[in-house]
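The values are calculated or read from the model by the stated rules, or taken from the named source; none is laboratory data. Since the structure is predicted, the reported quantities are computational estimates derived from the model, not experimental observations. Quick reminder, even Gly has a Cβ in these numbers, built from the backbone with ideal geometry, and neighbours come from all protein chains shown. Calculation scope for accessible area: heavy atoms of the full protein, side chains included, ligands and nucleic acids excluded. Shrake-Rupley method; radii C 1.70, N 1.55, O 1.52, S 1.80 Å.
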Amino acid sequence: MKRRFLSVLLILFLVVSLLAPMGAKPEEASAASFTIRTSMPKLNDPSARFYYSDLNRFWKAGRLAPDFKYYKGIMDDGRTGGYVWGNCTWWAYSRASEVLGEPLNPNLRGNAGDWWDCNKKGKYYAYGSTPKAGALVVYRTHVAFVEKVVNGQIYVSESGWQTKTYGPSSTDDFFFHYGKPWSSNGTPKGYIYVTDKKPANQGTVSASYSVRVDVSDLRMRSGPGTGYSNMGKIAKGTYQLKAVSSDGEWGQLQSNGYWISLEYTTRVTDSANSNNNLKALSVSGHSISPAFHAGTTSYSLSVPSNVSSVTIKATKANSKASISGTGKVSLATGTNTKNIKVTAQNGGQKTYTIKINRAKETKVKVAVTQLNMRSGPGTNYKSKGRLKKGTYVVVQTKNGWGKLKKNGYWISLAYTKAGSSSGSSASKGSYKVKVKVSSLNMRSGPGTKYKSKGRIKKGTYVIKQKKNGWGKLKTNGYWIKLSYTSKVK
């Protein structure tokens, strides 16, 4: 009897299971696979990297608004308050990037309502009037992220304006909302389907033509778009390009590798050759650093003090180009900047720069009995004999070694003392002074840092050299402080 009762129960269970639905019917299939977000991530949430870091261009450039007035002067470098932490554009960019797993296309920028035309023009993402989960919904002055769609009704996550003047300490400082869109938004312009496919390929293609910049100061970027770092400005003129973005809106400069918007340029006719490269660049008798490469435009060179001029040689890569700045050039002591300009047939220019440092001639005193001389600045160079004690002129220094003027050999400066620099404040010409104090200290050099060499009494003495307020005695070569003397007329 018990077994029959269990059999009946089993049959009833099977019947009910067959008649009952297999599961609750979904309200509406989602267009994208992601977890719906109903709250704003905390500042310390590891998964919130697209919200509170420079991966989000609005966070990087953002400021808190001091009032409800929206700034008109939006700058991509964040110097004004146009982009504000906590506003709708910041949230939409953050949320879409989180869902995509990578930053949203940085060309979506500016006021919320501008996103629609910006995307339509750039063709970064598909767009339309049908609501889909995972899309951006754009209004006249607002943008939000569609989390789900139920029977045609969209549910969004969105964030509003903040008026606090201090930096956010928690997400409670932001005005976040999840649910049906704010009624004040009005009718949407449409939907940008950011999750339908990956962002449009922002690749580049090589280019070999020049453009003429038509505005006074055109901003350069580190990449093809306003989302890249500001790298300064260039003036009006003709510039050669080496690449353009795949959408044809940005060009990469041959001269420095930065990018400019081609909207503010005019393409130069291709009938003229645009090659403004050098094939070779050298300085006679010297080696420039780094080794020459056509794409490298900055070089350096050091020469001794006794080198008053050098000859710059350059060979153009194209016979139709012209070169200026070559030939023999004079050198002043210190850094000399020499520019070699190459002008292509079409007018495009490239400037190669060589910074030549001419050493200052100095005097040193060899402090040891015999000092080894070398063929170069180091002990790994060949020995070239020995130098006796005395004062010598050094025309160049390198890594603690000095190059002698008299023979071009090198000595270690660790075994020398500083002497007078050529052209220093020391003056020569003998004259007499009268020591006014009873006992005046003598020094081995013109200053109190030099060793004391005894004292001299009141009297008249001959000074054979003067330097920095000190006088060198003719009798023994020691120095005395001239403020304790009076000159004998």
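How many residues does the range 351-370 contain that are crowded, with 17+ Cβ neighbours inside 10 Å and either modelled with pLDDT of 90 or more or under 22 Å from GLY237 (Cα atoms) (or both)?
Summing the residues that are crowded, with 17+ Cβ neighbours inside 10 Å and either modelled with pLDDT of 90 or more or under 22 Å from GLY237 (Cα atoms) (or both) in the range 351-370 gives 3.
For (1) on the phi > 0 side of the Ramachandran plot; (2) open to solvent by 10 Å² or more (accessible area, probe 1.4 Å); (3) at pLDDT 85 or above, each residue gets a yes or a no:
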{"site": "SER97", "(1), (2), (3)": "no, no, yes"}
{"site": "ASN105", "(1), (2), (3)": "no, no, no"}
{"site": "TYR127", "(1), (2), (3)": "no, yes, yes"}
{"site": "THR130", "(1), (2), (3)": "no, yes, yes"}
{"site": "VAL143", "(1), (2), (3)": "no, no, yes"}
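Restricting the first residue to the range 397-413 and requiring it to be more than 12 Å from SER375 (Cα to Cα), which pairs with a second residue that is open to solvent by less than 50 Å² (accessible area, probe 1.4 Å) and β-branched (Val, Ile, Thr) meet a Cβ separation below 6 Å and a spacing of at least six or different chains?
Short answer, once both residue conditions are applied: LYS405/VAL393; LYS405/VAL395.
Return the residues of the range 322-338 that are part of a strand (DSSP E or B) and either charged (D, E, K, R) or open to solvent by 70 Å² or more (accessible area, probe 1.4 Å) (or both); say none if nothing qualifies. Can you show your working first?
Of the range 322-338, the ones part of a strand (DSSP E or B) are 322-324, 327-330, 334-338.
Matches in the range 322-338: LYS328, SER330, THR335, THR337, LYS338.
For the range 473-486, enumerate the residues that are assigned to a strand (DSSP E or B) and either in contact with a Gly (Cβ under 9 Å, 6 or more places away or on another chain) or over 23 Å from ALA418 (Cβ atoms) (or both).
Answer for the range 473-486, where residues must be assigned to a strand (DSSP E or B) and either in contact with a Gly (Cβ under 9 Å, 6 or more places away or on another chain) or over 23 Å from ALA418 (Cβ atoms) (or both): TRP479, ILE480, LYS481, THR485, SER486.
Considering the range 55-75 alone, what residues qualify as being modelled with pLDDT of 70 or more and either open to solvent by 60 Å² or more (accessible area, probe 1.4 Å) or assigned to a loop (DSSP other than H, G, I, E, B) (or both)? Walk me through how you get there before you give the answer.
First, the residues of the range 55-75 that are modelled with pLDDT of 70 or more: 55-56, 58.
Within the range 55-75, LEU55, ASN56 meet the criteria.
Tell me yes or no: at least one residue of the range 306-313 is polar (S, T, N, Q), open to solvent by 20 Å² or more (accessible area, probe 1.4 Å), farther than 28 Å from LYS123 by Cα and assigned to a strand (DSSP E or B). Reasoning before the result, please.
Filtering the range 306-313 for residues polar (S, T, N, Q) gives 306, 308-309, 311.
Now restrict to residues that are open to solvent by 20 Å² or more (accessible area, probe 1.4 Å): 306, 308-309, 311.
The next check asks that each one be farther than 28 Å from LYS123 by Cα; those that pass are 306, 308-309, 311.
Next, from what is left, pick out any that are assigned to a strand (DSSP E or B): 309, 311.
Yes: one or more hits.
To keep it simple, each residue is scored yes or no on (1) among the small types (Gly, Ala, Ser); (2) within 15 Å of SER282 (Cα to Cα); (3) touching a residue at least 24 places away in the same chain (Cβ under 8 Å).
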site: THR311; (1), (2), (3): no, yes, yes
site: ALA321; (1), (2), (3): yes, no, yes
site: GLY327; (1), (2), (3): yes, yes, no
site: THR337; (1), (2), (3): no, yes, no
site: THR351; (1), (2), (3): no, yes, yes
site: ILE356; (1), (2), (3): no, yes, yes
site: LYS382; (1), (2), (3): no, no, no
site: LEU387; (1), (2), (3): no, no, yes
site: VAL395; (1), (2), (3): no, no, yes
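Any idea which residue in the range 410-448 is most open to solvent (accessible area, probe 1.4 Å), counting only those that are within 14 Å of TRP479 (Cα to Cα), within 48 Å of the chain's Cα centre (by Cα) and at pLDDT 85 or above?
If we take residues in the range 410-448 being within 14 Å of TRP479 (Cα to Cα), within 48 Å of the chain's Cα centre (by Cα) and at pLDDT 85 or above, then THR448 is most open to solvent (accessible area, probe 1.4 Å).
Among the residues of the range 216-252, which ones are basic (Lys, Arg), open to solvent by 30 Å² or more (accessible area, probe 1.4 Å) and in a strand (DSSP E or B)?
ARG219, LYS233, LYS242
If we scan the range 185-195, do we find a residue that is at pLDDT below 80 and open to solvent by less than 70 Å² (accessible area, probe 1.4 Å)? Break it down into steps so the answer makes sense when it comes.
Looking only at the range 185-195, we keep the residues that are at pLDDT below 80, and these are 185.
Next cut, open to solvent by less than 70 Å² (accessible area, probe 1.4 Å) only: 185.
Among the residues of the range 185-195, at least one is at pLDDT below 80 and open to solvent by less than 70 Å² (accessible area, probe 1.4 Å), which makes the answer yes.
Exactly one of these conditions fails for LYS489: (1) modelled with pLDDT under 90; (2) in a strand (DSSP E or B). Give me its number.
Unmet condition: (2).
If only one of ILE312, ILE323 is more than 23 Å from the chain's Cα centre (by Cα), within 30 Å of LYS405 (Cβ to Cβ) and not small (Gly, Ala, Ser), which one is it? Outline the logic, then answer.
Working: ILE323 fails: within 30 Å of LYS405 (Cβ to Cβ).
Sole residue among the options that is more than 23 Å from the chain's Cα centre (by Cα), within 30 Å of LYS405 (Cβ to Cβ) and not small (Gly, Ala, Ser): ILE312.
Just one of ASN399, ASN407, ASN380, ASN468 is within 20 Å of VAL366 (Cβ to Cβ) and open to solvent by 70 Å² or more (accessible area, probe 1.4 Å); which is it? Step through it out loud before you land on a result.
Details: ASN407 fails: open to solvent by 70 Å² or more (accessible area, probe 1.4 Å); ASN380 fails: within 20 Å of VAL366 (Cβ to Cβ); ASN468 fails: within 20 Å of VAL366 (Cβ to Cβ).
Testing whether each residue is within 20 Å of VAL366 (Cβ to Cβ) and open to solvent by 70 Å² or more (accessible area, probe 1.4 Å) leaves just ASN399.
Just give me the residues in the range 183-197 being of a type in the set (A, V, I, L, M, F, W, C) and in a loop (DSSP other than H, G, I, E, B), in sequence order.
Selection gives VAL194 alone.
Condition check: closer than 17 Å to ASN306 by Cα, of a type outside the set (Ser, Thr, Tyr) and modelled with pLDDT of 85 or more. Does GLY402 satisfy that? Give the steps one after another, and end with the answer.
Numbers: closer than 17 Å to ASN306 by Cα: yes; of a type outside the set (Ser, Thr, Tyr): yes; modelled with pLDDT of 85 or more: yes.
The answer is yes for GLY402.
If GLY348 satisfies all but one of (1) out of contact with any Phe, Trp or Tyr (no Cβ under 7 Å at 6 or more places or on another chain); (2) at pLDDT below 90; (3) open to solvent by less than 40 Å² (accessible area, probe 1.4 Å); (4) at negative phi, what's the number of the condition it fails?
(1)
Name the residue that is farthest from the chain's Cα centre (by Cα), counting only residues in the range 145-183 that are small (Gly, Ala, Ser) and at pLDDT 90 or above. Steps first, please.
The first filter runs over the range 145-183 and keeps only residues small (Gly, Ala, Ser), leaving 152, 157, 159-160, 167, 169-170, 179, 183.
From the residues that got through so far, the ones that are at pLDDT 90 or above too are 157, 179.
Details: SER157: 37, GLY179: 43 Å.
It comes out as GLY179.
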